[in-house]
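Below is one structure, written out as structure tokens, with a few remarks after it.
The values are calculated or read from the model by the stated rules, or taken from the named source; none is laboratory data. Computed from a predicted structure; not experimentally measured. Glycine gets a Cβ as well: all are built from the backbone with ideal geometry, and neighbour counts include every protein chain shown. Surface accessibility is based on the protein's heavy atoms, side chains included, excluding ligands, DNA and RNA. Shrake-Rupley method; radii C 1.70, N 1.55, O 1.52, S 1.80 Å.
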Amino acid sequence: MRRLLLISILALHIFSIHIFAQSGKISGLVKDASTGEELIGANVLIEGTTIGAATNVSGFFVILNVKPGTYNLKASMVGYAPSVYKDIRVNIDQTTEVNFNLTSNTFQTDEVVVIATTPIVQKDVSSSRVNLNVDEIENLPTTSISGVIGLQAGVRSGLEIRGGAADQTAFVVNGATLRDERDNSPFTGISYSAIDQIQIQTGGFNAEYGNVRSGVVNVVTKEGGRDKYSFSLIARYSPTSAKHFGMSPNDPNSYWIKPYLDPAVMWTGTNNGNWDAYTQNQYAPFIDGWIGVSQKSLSDDDPTNDVTPEQAYEIFLWQHRKVTEIENPDYEIDASFGGPVPGGSELGNLRFFGSYRQTESMYLIPLQTDGVKDWVGQLKLTSDIGEGKKIMVQGLLSQVNGTNNNNAGNPGIFRSPESIGDVMNRVSYIDARIFAPDYWAPSTIDYTSFSGKFTNVMTPTSLYEISFSTFSSDYSTNPGRVRDSVTKYNIGGIFLDEAPFGFAEYPSTGINGMRMGVGFSNSRDSSVVSVYNLKADYQTQIDQFNNFKAGIEINYTDNRVNYASVDVFLPSGRSRSVWSNFPIRAGLYIQDKIEFEGMIANIGLRMDYSDPQGDWYIYDPYDKAFSSKYSLGLDTLLTKATVEKQVDFSPRIGISFPITVNSKLYFNYGHFRQLPTPENLFLLRRFSDNNAVTRLAEPNNPLPKTVAYELGYEHNLFDELLVRVAGYYKDLSLQPRQVTYVSRDNTVNYTRSEPDNYRDVRGFELTLTKNRGDWVQGFLNYTYDVRSTGNFGWGTYYENQSLQRNYEATSTDNFQVKPIPQPFANANIEIFTPADYGPQLGSIYLLGDWRFSFIGQWTSGYYLTWVGGGSIPGITNNVQWNEYWNLDLRVSKSFNIMGVNLQLFADISNLFNYKYMTQYGFVDANDYLAYMKSLHLPEDVYDSKFGYTNSLQGRYIAGDDRPGDYRNGAYIPWDDDAPESQKEEWRKNKSYIDMPNQEFFTFLNPRDIYWGLKFTVDF
């Protein structure tokens, strides 16, 4: 039966994806306690398992392929009392050193028990790396893995690691990379309750890691027990509440509604004299009023649109009836269950661990969907099919439902309030985006992953692994239901259809001019991208000092991309992108981990092979074959050649050596390559209306490259605190950017992907960590980085040399963006009471196991250029937006009742309800200029050349304001002749600031509370 199981699993190896090492090792020496002599043939065993080793002639032992976790390690030998080290922690891809001193049983007969403590400074690590086990993450006020990752030094929100975007990061679960190669984004939506250990590495990856340039996140999930079952549940619930400060967009006093409902102006218009100039600027212009709207309808030649002022008013209410408040709660449910498979003892103690996670988060305002809903199911099977032989198989199914965040057909779903606010800022048709549900299309993404790994420990010092995996993403983005065009709703005596609800591809305009059709739900996407990988690794402990690893992998990608931007009524500028290609990449690596008297050296070399597969065009950039007249005959007009294959070698080296018993210095250096997104390989995009080529890929471009350096220092303070200082430099080159080519007669005008972009990122990180001790634990990290970026060559090339010279004389495309510092910091302070603290009620300690976990975040403000609304040569980035800070809290109380571990908790985001002003609330450029000009900026910022004043007296009043400051209370224009006490009150309240007109998109961080429970039980 075991042989049948093995054959069945190995038969699946032809379907495969990228697998990385996710085990550690234990090594050490066994000596005679009295003489110091090395003991030969001593047995070292991990208790509760059959995993162990015997010491060699030097008294050295090594146990390879140890699953990350906490263990008891026992050493024994005839003639000596056994010795046990308890609570030994094994981390991913690290060495845990344990040395035994055995006492002769002449003097000691009882077993010697030693409680192990994990070294604060882990001297076998030559990079910036964080290891977190389930105990360290479960009390953070977050229940998503991306939230945990975002708290680490060097990591910004969105998995941006040391200046590298999320698509440069590998997210690895049980050895399998979860990456959507539609856009190279990592898939991180796994079950939180299934996590056993997380390792976050922000630099210095070994040679075994390929197709990654910024960071590696390794996750090991829990494994079903051999002899017991376990169940766990995490549930969080946030009652219905607004996700912005202030009124709702459909409030009678909001920018988009008040002019049409206020009796002072609604009938005769906003410029009738009842509103002063300032008030008029705060709301949408409504010049005619409902009387004027009625008169225009009566004066044209179309009797079907005649309305009275009262009817026009009623129609407006009907067309703006959409509820913009949140009506449903947010929630998360995360459960897992694992244990032995019934009858699995005959299949190598076959065991399982399954988990399911479902979340729903309401949008800032309802869009085509009210929010985004995710679910994911995971199953992991493990079997010990023979001595030293182990099989692991895992599967994942997931689905995301939400609203597509663009109208171009690109992948992406709205999630955060900020992502929605960003598309409501200084753009056209904001009212349509708010009140017409179908402005963006609904989108569904299905993810599927399957992977497996066979491990064979041939000897105590050598093993091999054969791994496989697949990851697939399936997109479906299309308009929602079609609008019912039957005019069956009696609105004030006028019969109307259901607009603005429902998708309409024909023109439809509201009574006040709001667009209700055309330009809506343009995205179409039916792309399916699948990745397969096969990998084999070999590892051997050559001697006490050298651990050698080598491996080979093959990756095959099936790109079937089909997306478009469609508008039947206005096809101009719309395009469709369709291609199917099957790139292959492969990797071969060798590396040696040298461990000698506390010094560690990881030395490796990786070879990457890339073959985009297929043929591509040979052409002159201005060839008429790209014009609308000839593009459909492109394949016959142009010659094709086989795409070039690429081979790249990437050296990797990392060194760590002790300075003192409590400190170490480490350094790493490496070259890293990554396959670009499919759009940069075989994309050929044509306009839908005239078939002219608008964008072209270039599969012969070299792979984007990063050369990274890091120097770090770690120190143990008081056997409780870890201090880490790390400096880094990253040279990013050969990155694709779009370059435009325009023919002499303008019939050819397209962009082409070229490897001309570069970036330099440099910075340092300071981290202070306390993860042991009573009452207080936590961490603090600070990251300071600066970045410069630029392009080689020009962004546009005209065939007309006169136009080219004019362009080059005025263009800044090849200017380097100078370094701008962007520091940020994170902190976690956890205050807790011992489990048996305080008075007791039955079996419950009333004051025991209380936890208060605070998460603080700070980010410096971004820089911007302000010269009064235009531009002045030589002045850039002269003002800085306000810094951002936030404090979250989890309060929890844990109980153990009849073997059930229960925790009740509350997660409070933005504990002090601090208002942070975003830049998303501006209706248009005039709204933004009015805000900026009202600020009292410092004297060293303002210049008379800016050409504006900010007081009733026509003078500029300087102060200490910064962009991001906001007004409290009513607006009062600055009167410089007012009493000083009055002016001081204005300064305190910032009464003179002309705020953005859309308050509901300006402040997006109101306090929110999740109520939750968590319990685990073993049986």
Q: Consider all pairwise Cα distances in the stretch 439-487 and report the whole-number % of them above 11 Å.
A: 78 percent
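How much net charge surrounds Thr477 when only the other residues with a Cβ under 9 Å from the Cβ of Thr477 are counted, with Lys and Arg +1 and Asp and Glu -1?
Working: positive: Arg524; negative: Asp525.
Charge balance near Thr477 sits at 0.
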Q: Just report the Cα centroid separation between the stretch 186-225 and the stretch 875-911, whole Å.
A: 23 Å
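Add +1 for every Lys or Arg and -1 for every Asp or Glu among the other residues with Cβ under 12 Å from the Cβ of Asn968, and state the total. Could the numbers behind the result be given before it?
Numbers: positive: Lys915, Arg967, Arg987, Lys988, Lys990; negative: Asp965, Glu985.
Net local charge, Asn968 excluded: +3.
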Q. Among 159-172, 694-707, 716-729, how do they line up from the highest to the lowest mean number of other beta-carbon atoms within 10 Å?
A. 159-172, 694-707, 716-729
Q. Picking from Thr169, Tyr447, Leu64, whose Cα lies most toward the positive end of the charge dipole for the chain (charges on Cβ: Lys, Arg +1; Asp, Glu -1)?
A. Leu64
Q: Provide the FRET efficiency to the nearest 0.05 for the Glu387-Thr117 pair, computing r from the beta carbons and using R0 = 25 Å.
A: 0.20
Q | Portion, in percent, of the accessible area of the stretch 61-213 that falls on carbon or sulfur, probe 1.4 Å | A | 47 percent
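With the alpha-carbon atoms as the only input, what is the per residue convex hull volume for the chain in Å³? List each step's numbers first, then the result.
On the way: hull volume 222.8 nm³, N = 1019.
Cα-based convex hull of the chain, divided per residue, equals 219 Å³.
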Q. Just for the stretch 148-226, what percent of DSSP beta bridges are antiparallel, to the closest 5?
A. 70 percent
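Calculate, for Leu911 and Asp620, the FRET efficiency according to 1/(1 + (r/R0)^6) with r their C-beta to C-beta distance and R0 51 Å; round to the nearest 0.05. Could the numbers behind the result be given before it?
Numbers: r = 63 Å, r/R0 = 1.23.
Plugging the Cβ-Cβ distance into 1/(1 + (r/R0)^6) gives 0.25.
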(Q) Could you work out how much longer the chain between Leu638 and Glu310 gets when fully extended? Use 0.36 nm per residue separation minus the Cα distance between them, nm to one decimal. (A) 111.6 nm
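With all protein chains present, how much of the accessible area of the stretch 792-899 (probe radius 1.4 Å) comes from carbon and sulfur, to the nearest whole percent?
Roughly 59 percent, rounded to a whole number.
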Q. Roughly what % antiparallel, to the nearest 5, for the DSSP beta bridges in the chain?
A. 95 percent
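So, by mean Cβ neighbours within 10 angstrom, what's the order for 744-754, 838-848 with the highest one leading? If you can, show how the numbers build up before the last one.
Details: 744-754: 17.5, 838-848: 12.2.
With the highest mean Cβ count within 10 Å placed first, the list reads 744-754, 838-848.
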Q. From the Cα gyration tensor of the stretch 309-349, with a ≥ b ≥ c the square roots of its eigenvalues, which class applies: rounded if a/c is under 1.5, or else prolate if a/b is larger than b/c, or else oblate?
A. prolate
Q: Post the alpha-carbon centroid distance, the stretch 100-162 to the stretch 671-745, in whole angstrom.
A: 32 Å
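Add +1 for every Lys or Arg and -1 for every Asp or Glu among the other residues with Cβ under 13 Å from the Cβ of His671, and state the total. Numbers along the way, then the final one.
Working: positive: Arg213, Arg606, Arg652, Arg673, Lys705, Lys730; negative: Asp608, Asp648, Asp731.
Its environment carries a net charge of +3.
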Q.
How much length would be gained if the chain were fully extended between Asp227 and Thr49, taking 0.36 nm per residue of separation minus their Cα-Cα distance, in nm to one decimal?
A. 62.9 nm
**Q.** Protein accessible area in the stretch 608-758, 1.4 Å probe - carbon and sulfur %
**A.** 56 percent
Q: Keeping all protein chains in place, calculate the accessible area per residue for the stretch 294-398 (probe 1.4 angstrom), answer in Å².
A: 43 Å²
(Q) I want to check the label-to-label distance for Thr35 and Asn877. Put each point 7 Å from Cα in the C-beta direction and report it in nm to one decimal. (A) 6.8 nm
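Students often get this wrong, so check it: of Lys86/Lys770; Lys640/Lys730; Lys770/Lys893; Lys74/Lys380; Lys74/Lys1014; Lys74/Lys390, which have C-alpha atoms separated by over 26 Å? Please report the intermediate quantities before stating the final value.
Working: Lys86/Lys770 21 Å; Lys640/Lys730 37 Å; Lys770/Lys893 22 Å; Lys74/Lys380 29 Å; Lys74/Lys1014 34 Å; Lys74/Lys390 23 Å.
Checking Cα-Cα distances, Lys640/Lys730; Lys74/Lys380; Lys74/Lys1014 exceed 26 Å.
Roughly how many Å² is the accessible area per residue of the stretch 508-558, as a whole number, for a 1.4 Å probe? It would help to have the intermediate numbers written out before the result.
On the way: 1670 Å² over 51 residues.
On a per-residue basis, the stretch 508-558 sits at 33 Å².
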**Q.** At q = 0.11, 0.18, 0.21, 0.23 Å⁻¹, base-10 log of I(q)/I(0) for the stretch 840-938 (Debye sum, equal scatterers on each alpha carbon)
**A.** -0.58, -0.96, -1.11, -1.20
Q. How much of Ser144 can a 1.4 Å solvent probe reach, expressed as accessible area in Å² and rounded to 10?
A. 40 Å²
Q) Shape call for the stretch 194-240 from the C-alpha gyration tensor, a ≥ b ≥ c root eigenvalues: rounded (a/c under 1.5), prolate (a/b greater than b/c) or oblate? A) oblate
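If the convex hull of the alpha-carbon atoms of the stretch 74-143 is projected onto planes in all directions, what is the mean projected area in square nanometres?
Numbers: hull surface 26.8 nm².
Quarter of the Cα hull surface area: 6.7 nm².
Any idea what the dipole of the chain comes to, in debye rounded to 20, about its Cα centre with Lys/Arg Cβ at +1 and Asp/Glu Cβ at -1? It would help to have the intermediate numbers written out before the result.
Working: 85 positive and 113 negative charges, 369 e Å.
My answer is approximately 1780 debye.
How much FRET efficiency would the formula 1/(1 + (r/R0)^6) give for Met247 and Asp302, where r is the Cβ-Cβ distance and R0 is 41 Å, rounded to 0.05? Present the calculation step by step, with values, prior to reporting the outcome.
Details: r = 37 Å, r/R0 = 0.90.
Using R0 = 41 Å, I get an efficiency of 0.65.
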Q) Hey, what number do you get for the chain at 222 nm if only DSSP H runs of n ≥ 4 count, each worth -39500 (n - 2.57), divided across all residues, to the nearest 500? A) -2500 deg cm²/dmol
Q. Ranked highest first by average number of other Cβ atoms within 10 Å, how do 552-562, 231-241 line up?
A. 552-562, 231-241
Q | In range of the label at Asp731: residues from the stretch 761-791 whose backbone nitrogen is under 12 Å from the point 7 Å along Cα→Cβ | A | 761
Q) How many angstrom separate the Cα center of the stretch 281-340 from the Cα center of the stretch 493-563? A) 31 Å
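Give me the number: length gained by fully extending Asp745 to Tyr709, i.e. 0.36 nm times residue separation minus the C-alpha to C-alpha distance, one decimal in nm. Can you show the working numbers first?
Details: separation 36, 0.36 × 36 = 12.96 nm, distance 4.86 nm.
Stretched fully, the Asp745-Tyr709 segment lengthens by 8.1 nm.
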Q. Dipole of the chain (Lys/Arg Cβ +1, Asp/Glu Cβ -1, origin at the Cα centre): which of Ser128, Val693, Gln94 lies farthest to the positive side?
A. Gln94
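Determine by what factor the alpha-carbon radius of gyration of the stretch 271-342 differs from 2.2 N^0.38 Å, reporting the quotient.
Details: Rg = 25.5 Å, N = 72, 2.2 N^0.38 = 11.2 Å.
Cα-based Rg divided by the globular estimate yields 2.28.
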Q. Using alpha carbons only, how many degrees (0 to 90, rounded to 10) separate the axis of helix 801-810 from the longest principal axis of the chain?
A. 80 degrees
Q. Between Gly402, Ser428, Gly388, whose Cα lies farthest towards the positive end of the dipole of the stretch 385-447 when Lys and Arg beta carbons carry +1 and Asp and Glu beta carbons carry -1, centred on the Cα centre?
A. Gly388
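With every protein chain left in place, what is the accessible area per residue of the stretch 68-159 in square angstrom, probe 1.4 Å? Write out the running numbers ahead of the final one.
Details: 3640 Å² over 92 residues.
That works out to 40 Å² for each residue.
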